[in-house]
Amino acid sequence: MDNARIYINPVSGSIKVIGPVDFVDSEGNILETKENVKFCGCGLSKDKPNCDGSHRDKVKKD
């Protein structure tokens with residue numbers, strides 16, 4: 001298995017993970033495994049913790 005790669009967008013703050021990611025509960029149980037996920041880093045997403053692209057509107061206004 002290759003290591004996942006994490007990319008942080010310095011403008012929007014979004015965090016993209018390329019590769020498989022295990023989502024684990026507080027007891028260590030794997031709830032699901034996803035590939036190529038993008039997390040919100042700006043706080044504007046309506047689908048947190050996932051990025052829904054809401055940062056684009058803020059970047060355009062600035």
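Those residues that are closer than 20 Å to Arg56 by Cβ and assigned to a strand (DSSP E or B), I need them from region 18-41; list them, please.
Residues of region 18-41 that are closer than 20 Å to Arg56 by Cβ, as a first pass: 36-41.
Selection gives Asn36, Val37, Lys38, Phe39.
Does Ser26 fit the bill of being surrounded by fewer than 13 Cβ atoms within 10 Å (Cβ to Cβ) and either within 13 Å of the chain's Cα centre (by Cα) or at pLDDT 95 or above (or both)? Break it down into steps so the answer makes sense when it comes.
Details: surrounded by fewer than 13 Cβ atoms within 10 Å (Cβ to Cβ): yes; either within 13 Å of the chain's Cα centre (by Cα) or at pLDDT 95 or above (or both): yes.
Against the criterion (surrounded by fewer than 13 Cβ atoms within 10 Å (Cβ to Cβ) and either within 13 Å of the chain's Cα centre (by Cα) or at pLDDT 95 or above (or both)), Ser26 qualifies.
Surrounded by 14 or more Cβ atoms within 10 Å (Cβ to Cβ), in a loop (DSSP other than H, G, I, E, B) and at pLDDT 90 or above, is that true of Ser45?
Details: surrounded by 14 or more Cβ atoms within 10 Å (Cβ to Cβ): yes; in a loop (DSSP other than H, G, I, E, B): yes; at pLDDT 90 or above: yes.
Yes, satisfied.
Condition (residue is in a loop (DSSP other than H, G, I, E, B), loosely packed, with under 14 Cβ neighbours inside 10 Å and of a type in the set (Gly, Ala, Ser)) applied to region 1-17: is it met by at least one residue?
For region 1-17, residues in a loop (DSSP other than H, G, I, E, B), loosely packed, with under 14 Cβ neighbours inside 10 Å and of a type in the set (Gly, Ala, Ser): absent.
The values are calculated or read from the model by the stated rules, or taken from the named source; none is laboratory data. Computed from a predicted model, the values in this text were never measured in an experiment. Here Cβ is always computed from backbone atoms with ideal geometry, including for glycine, and neighbour counts include all displayed protein chains.
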